[in-house]
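Note sheet for the following structure.
FYI, it's all coordinate maths here, none of it is from the lab. Every value quoted in this text rests on a predicted model; they were computed, and no experiment measured them. So basically every Cβ, Gly included, is an ideal-geometry build from the backbone, and we count neighbours across all protein chains shown.
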Amino acid sequence: MRLTRTSRAVAALGALLLASACGSSGTAGSSPGGSEFTPPKLSAQKTLGKSEGQVNLIAWAGYAEDGSNDPKVDWVTDFEKQTGCQVNTKTAGTSDEMVNLMKTGQYDAVSASGDASLRLIASGDVAPVNTKLVPNYKDVFAGLKNQQWNSVKSVAYGIPHGRGANLLMYNTKKVSPAPDSWSAVFDKASAHKGKVTAYDSPIYLADAALYLMKSKPSLGIKDPYALDQKQFDAAVALLKAQNSNVGEYWSDYLKEVSAFKSGDSVVGTSWQVILNTAQAEKVPVKGVLPKEGATGWSDTWMLSAKAKHPNCAYKWMNWIISPKANAQVAEYFGEAPANAKACDLTADKNHCATYHAADEAYWKNVHFWTTPIAQCIDGRTDTKCVPYAKWVQAWTEIKG
């Protein structure tokens, strides 16, 4: 089961200033590997050397399980036996925490999401990776390779781990007709006043922007993470209007399951694993990727530019996307695996179909999280966009 993925990162001012040189977004419809900025000059490792005996990781909860939480959930012990690399894991709760920890130089690799990866690249905290030193990379889904959240000008800065979409979930007995649009939680939210739920994070402004991109084309939004002041104000206004209908903002998936189970929530943003968990507990819910598309997340294992154990880090990156390990972590965490061969090894043979692992058409409608910066990442050069620090301020105002 996916554990928690808490609010995504209040970006540190220094990191944002460094990232302001970035010019890309990992969103649907964008060209791959197109980050048009020049990161610090760092070279990828050319060959693998002798294992250093250990590797220090920063990871989301559930990404580096060693059996200590559950004896049946362990894909670390075999790695340690086969490579001689002892795994030391620091579990992080937010992307901001990951960024700050990587700056210490004490860690070798991190499982960064798209709202952290470009910051790490721009600040020189992570180095390019040599995918030839990761044999299992060849089996990674094409839709995850050379993308704007894990590469710059076709230079890879990480190894894809998995991905997921933010869905619209609803109680089938309380919400009728079945919704196919985010209007159910925005313009039509008053129909379920007090029982609408929303993700508790400043990055949720992108969900509002995505809806406005389709419902109010006159605003000219092309990328939900690239909002000029007028577009940003419209998204904030929409969320302030939504607030009066929201019963609860969530970041812990178990709490959302409980809210749908009790009836306190009947419609709102969700994850596939939440939908699966709720349905397993006989809650009458369904989920849909709305016609406007959705936001989402894609995680990447990135190598520290100051890694003290780079050889073990490379071995870890190859291991965690190996078919068996990637199947285990994807199923436990609740996501689509990165390795296509992992789909044959999941305990639930329908796992990859449920999570749309091989359905690239599905992912074309998902706009993956990325950190908003002052330089408009949709290509505009005649205006400035609202940076994430102001998203954070606005989110506090929205919630009251």
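Consider all pairwise Cα distances in region 258-307 and report the whole-number % of them above 16 Å.
Of the Cα pairs, 53 percent sit more than 16 Å apart.
Amide H to amide H distances under 5 Å link Gly296 with Asn166, His367, Phe368, Trp369, where only residues 5 or more positions off or on other chains count and H is placed in the peptide plane.
Which shape class, rounded, prolate or oblate, goes with the chain when its Cα gyration tensor gives a ≥ b ≥ c as root eigenvalues, a/c under 1.5 marks rounded, and past that a/b bigger than b/c marks prolate? Display every interim value, and only then the final one.
Numbers: a/c = 1.90, a/b = 1.29, b/c = 1.47.
Oblate, because a/c is 1.5 or more while a/b does not exceed b/c.
Taking amide H atoms as placed 1.01 Å from N in the peptide plane, the amide H of Val152 lies under 5 Å from those of Tyr157, each 5 or more residues away in sequence or on another chain. Helix 229-243 and the longest principal axis of the C-alpha atoms of the chain enclose an angle of approximately 70°. Of the cross-linked pairs Lys132/Lys315; Lys193/Lys230; Lys216/Lys291; Lys195/Lys255, those separated by over 18 Å at the C-alpha level are Lys193/Lys230.
With +1 on each Lys and Arg Cβ and -1 on each Asp and Glu Cβ, and nothing else charged, work out how big the dipole of region 202-251 is about its Cα centre, in Debye to the nearest 20.
Details: 5 positive and 5 negative charges, 38 e Å.
Approximately 180 debye in magnitude.
The residues packed around Ser304, meaning those with a beta-carbon under 11 Å from its beta-carbon, carry a net charge of +1 if Lys and Arg are +1 and Asp and Glu are -1. Here the 3J(HN,Hα) profile of region 131-145, calculated from phi with Karplus coefficients 6.51, -1.76 and 1.60 at θ = phi - 60°, is 5, 5, 8, 10, x, 6, 4, 4, 9, 6, 3, 4, x, 9, 8 Hz, Gly and Pro shown as x. When both region 161-213 and region 231-286 are represented by their alpha-carbon centers, they are found 7 Å apart. Given +1 at the Cβ of Lys and Arg, -1 at the Cβ of Asp and Glu and no other charges, the dipole of the chain around its Cα centre is 420 debye to the nearest 20.
Restricting to the chain, compute how many DSSP beta bridges are antiparallel as a %, nearest 5. Mind showing how you got there, number by number?
Numbers: 29 of 47 bridges.
Of those bridges, close to 60 percent are antiparallel.
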